[in-house]
Amino acid sequence: MADLASRITKPADDAAPASEAPAAEAPAATDAAAAETPVGDAQNDGAVESLGGSGLQEPGYEVEITLSDLQQNESTPFHSATTWEDIGLREELHKGLLALNFLKPSKVQGKSLPLMLSNPPTNMLAQSQSGTGKTAAFVTAILSRVDFSNPDQPQALALAPSRELARQIEEVIRAIGHFVQNLKIAPAVPGALPRGEPVRSAVVVGTPGTVMDIIRRRQLDVSQLKVLVLDEADNMLDQQGLGDQCMRVKGMLPKTIQTLLFSATFPEKVLQYANKFAPNAHSLKLQRSDLTVKGISQMFIDCPNDTTKYDILCRLYGLMTIGQSVIFVKTRESANEIQRRMVGDGHKVSALHAAFDGSERDELLAKFRSGESKVLIATNVIARGIDVSSVSMVINYDIPMKGRGDTEPDTETYLHRIGRTGRFGRVGVSISFVYDKKSYDALSSIATHYGIDLVKLDTDDWDEAEERVKDVIKKNRAQAAYAPSATDPQKTGAA
Ligand SMILES: Nc1ncnc2c1ncn2[C@@H]1O[C@H](COP(=O)(O)OP(=O)(O)OP(=O)(O)O)[C@@H](O)[C@H]1O
């Protein structure tokens, strides 16, 4: 396995090589370089595309496009839309997108929407980096397919792996569908729907367990469902996790349903299963080397031992609260324990994990979204999909691991966790803590997997380390003030 040392980028102005890592020959991390660019010019390396009103820019990346057999006919050339007009959306949706200041489609939106909206409806598998607008892509597809003259009849179903993400998707549907008459959305998450009452909404968004329950209890009439979306599809189809539930839900739906799978990651072993779940799908896929978001400066701290991790975390508190931060830990117990200690040491932090009940979880995330709470200690429950544009720092207090007995680094979860920052062309910082051989090796293999050059933060020179991080975070703050987000309540006109 390649050593982390070979993936460390030596800070340009740092003369001394990192202690246990010889100065790397690798070129300066593009992530760190992005942090040096002026606000509004993030990642302006010539390979970016301006997205108009937001003032932000989308990273340039190439997607490999595979048209389904149906569309491989040369007389129907593949189009990637560059304006909303190209896509030919309903007037109300176009208005909704513009009201959010989404002046033009992002790449994944421009490429996937013409395919998702073409007739006859065809399945889709779409991969694009975290924070590049996948939600608006499938939400626009859903709202385009629904017949709102029949507003009480369930017609579209979106599934997500957590209640938080399902709730967020609900908000994005509400925001993009702001001008749609008779838009009704049913949140199928624990505790949200009145028991026993039939669902009378055209769009249903929820978690697979609850959706399975309401279908079984005949609360949800699935007979007219036309579109099924799986957000975070690789996670949803993972047979160790939610795969079984999703398969059972799918088995209860009309055979002709158009199935849309979205995620930033599609590991090979899930892909095969995905192809069965959504056969003959159009697919937009990324090369592994294009998976990381260039605006995220990925750093790590080599902590002397497990017990010093906590002290180092506390030293970072000042930086965490310049913007907003998420600290990812492995277990609920450690989330609680770190929160208790930090609060005891005078810091203001909240913990969020699946042991809280539904309404508490909603409230905790609402407070984080509004900026009332700035630092969230969380388990993987919010590792995927959660979109809070002012998150400028993500800390991997524990390196994500998977497999029986946590034997393997969880490369996908790493990417999703750090993707909570650097949303839609913004910059952000991720700091991963290593403290022993296992965590060091795990981070090494994650770095090798994605070809990332990690910057080592030297805790012997704390001032220098702080300056380095502060530089990036301040740029995120400035960018966040410019651009709205469909789920940032204070900044969105339409929501
Ligand atoms: N066309 C657009 N123009 C401007 N901003 C946009 C556009 N589309 C989406 N956004 C913004 O980009 C941000 C990220 O979008 P979204 O949450 O859909 O990303 P994602 O690709 O689903 O990420 P993840 O993989 O983390 O789930 C959101 O704040 C959203 O408001």
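The values are calculated or read from the model by the stated rules, or taken from the named source; none is laboratory data. The model shown is predicted, which means the values in this text are computed figures rather than measured ones. Cβ: placed from backbone, ideal geometry, glycine included. Neighbour counts: every protein chain shown. Side chains are part of the model used for accessible areas, which takes the heavy atoms of the whole protein and leaves out ligands, DNA and RNA. Shrake-Rupley method; radii C 1.70, N 1.55, O 1.52, S 1.80 Å.
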Exercise for the section: Between the alpha-carbon centers of region 432-466 and region 220-236, tell me the distance in whole angstrom. Expected result: 39 Å
Fill in the blank from the handout: For region 142-290, the dipole about the Cα centre with charges only on Cβ (Lys and Arg +1, Asp and Glu -1), to the nearest 20 debye, works out at 380 debye
Practice task
Can you pull the one-decimal nm distance between simple spin-label points at Glu464 and Ala366, each 7 Å off the Cα toward Cβ?
Solution key: 4.7 nm
Exercise for the section: Mind checking which lysines have their Cα closer than 27 Å to the Cα of Lys374? Skip sequence neighbours fewer than 8 apart in that chain. Expected result: Lys134, Lys294, Lys309, Lys330, Lys348, Lys456, Lys470, Lys474, Lys475, Lys491
Handout entry: Sequence ranges 137-148, 118-129, ranked by mean other-Cβ count within 10 angstrom, highest first
Key = 137-148, 118-129
Fill in the blank from the handout: Using alpha carbon centers only, region 390-426 is separated from region 260-315 by a whole-angstrom value of 7 Å
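Once you have a ≥ b ≥ c as the square roots of the Cα gyration tensor eigenvalues for region 76-162, tell me rounded if a/c is under 1.5, and otherwise prolate or oblate according to whether a/b is larger than b/c.
Judged from the Cα gyration tensor, region 76-162 comes out rounded (a/c under 1.5).
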Fill in the blank from the handout: So, with points 7 Å from each Cα along the Cβ direction, the Thr83-Arg340 label distance in nm works out to 6.0 nm
Fill in the blank from the handout: In terms of the alpha carbon gyration tensor, root eigenvalues a ≥ b ≥ c, rounded if a/c is under 1.5 and otherwise prolate when a/b exceeds b/c or oblate, region 172-220 is prolate
Exercise for the section: Could you look at region 109-239 and say what percent of its accessible area is carbon and sulfur, using a 1.4 Å probe and all protein chains? Expected result: 43 percent
Handout entry: Sequence-distant lysines (8 or more away, or on other chains) whose Cα lies within less than 18 Å of Lys276
Key = Lys250, Lys255, Lys285
Exercise for the section: Mind checking the full-extension length gain between Thr331 and Ser223? Use 0.36 nm per residue of separation minus the Cα-Cα distance, one decimal, nm. Expected result: 34.9 nm
Exercise for the section: Take the alpha carbon gyration tensor of region 324-399, find the square roots of its eigenvalues, order them as a ≥ b ≥ c, and report rounded if a/c is under 1.5; if not, report prolate when a/b exceeds b/c, else oblate. Expected result: rounded
Problem - Dimensions in Å of region 178-317 - Rg and Dmax from alpha carbons - result: 20.2, 59
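Measure off, as a whole percent, the carbon and sulfur share of the 1.4 Å-probe accessible area of region 267-343, all protein chains present.
Carbon and sulfur: 48 percent of the exposed surface of region 267-343.
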Handout entry: J(HN,Hα) series, region 203-216, from Karplus relation 6.51 cos²θ - 1.76 cosθ + 1.60, nearest Hz, glycine and proline x
Key = 10, 10, 9, x, 9, x, x, 5, 5, 4, 4, 6, 6, 4
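Before anything else, pin down the relative contact order of region 320-399: Cα pairs under 8 Å, at least 6 apart, normalised by residue count, whole percent.
53 percent
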Exercise for the section: From largest accessible area down, sort Arg248, Arg216, Arg417, Arg361; use a 1.4 Å probe on the protein chains. Expected result: Arg216, Arg248, Arg361, Arg417
Practice task
Return the distance in nm (one decimal) between the two label points of a simple spin-label model at Gln240 and Asp213, each offset 7 Å from Cα along Cα→Cβ.
Solution key: 2.6 nm
